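Nothing in this text is a laboratory measurement; each read-out follows from the coordinates by a stated rule. These numbers were taken from a predicted model, which means no experiment stands behind them. Glycine also receives a Cβ, built like all others from the backbone with ideal geometry; neighbour counts cover every protein chain displayed.
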Amino acid sequence: MDSFVAIDFETANSNRSSICSVGIVVVRDGKIVDKDYHLICPVPNVYSHWNTKVHGLTSCDTNNAPYFPSV
């Protein structure tokens, strides 16, 4: 598998729909050709201690970020 797209979502809490960031990497012929990262404001903008411990994001980071449909 030399060409693929990897997508990584982070969540604010245990709710799967609490997406607070997404990272995307495009690989073609084994080389990274594009990458992107976006903060997303989850609804509600409430973070669990455990999730913040994993990715380091808090509600302060996403207060002014766009909502998921905009990203």
Fewest-first sequence of 68, 9 by Cβ atoms within 10 Å of each Cβ: 9, 68
Karplus-derived HN-Hα couplings along the range 33-44 (A = 6.51, B = -1.76, C = 1.60, θ = phi - 60°), whole Hz, x at Gly and Pro: 10, 7, 8, 8, 9, 9, 7, 9, 7, x, 10, x
Built amide H within the under 5 Å cut-off of residue 21, gap 5+: 10, 40
Candidates per trypsin sites (Lys or Arg not before Pro) in the chain, loop by DSSP, up to 16 other Cβ within 10 Å: 16
Whole-number percent relative contact order across the range 4-70, with pairs defined as alpha carbons under 8 Å at least 6 apart: 30
Karplus-derived 3J(HN,Hα), 6.51/-1.76/1.60, for each residue of the range 45-56, Hz, glycine and proline x: 7, 10, 10, 8, 4, 5, 5, 4, 4, 6, 10, x
Residue-averaged [θ]222 nm for the chain, counting only DSSP H segments that reach four residues, each worth -39500 (n - 2.57): -3500 deg cm²/dmol
Integer Hz, Karplus 6.51/-1.76/1.60 couplings in order for the range 64-70, x for Gly and Pro: 9, 7, x, 7, 3, x, 6
Long-range HN-HN contacts of residue 47 with modeled amide H, under 5 Å: 59
Alpha-carbon centroids, the range 44-66 and the range 13-43: separation in whole Å: 15
Per-selection metrics, the chain (Cα): Rg and Dmax in Å: 13.6, 40
